[in-house]
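Every number here is computed from the coordinates shown, using simple stated rules; none is lab data. Predicted model, so just to flag it, every value in this text is computed and none were measured.
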Amino acid sequence: ALAIPHDPFPTSTGPVPRSDYTDRMEPLSLPLDYAAIERILPHRYPLLLVDRITEFEVDKRIVGIKNISLNERHLWQPPGAKAALPPTILTEAVAQVGAILIL
């Protein structure tokens, strides 16, 4: 039988204390540009949907920017309507900014 010396999936559902890992983090210098975001997230073009992080408060709030032009590959324009990003793309962009907040 395989013995596991410790539980790799602890049952505690509480937040991880910041002191456990903040000492290993490099300090953030705002604004975070595209290259800095690539060091945090595994996403790459064309699915990296965050261009810049302008505001960041640890465990509280974050502000991200996505620059959009008419050449945007995800831009959708139904006949007779204004161009817009699909809700799924907007949701993914929000998720990526949220991931930066918690990572």
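Just a few scattered comments:
- Using a cutoff of 8 angstrom between alpha carbon atoms and counting only pairs six or more residues apart, the relative contact order for segment 31-102 works out to 31 percent.
- For segment 31-102, diffusion coefficient by Stokes-Einstein and Kirkwood Rh (Cα), 4 °C, 1.567 mPa s, µm²/s: 99 µm²/s
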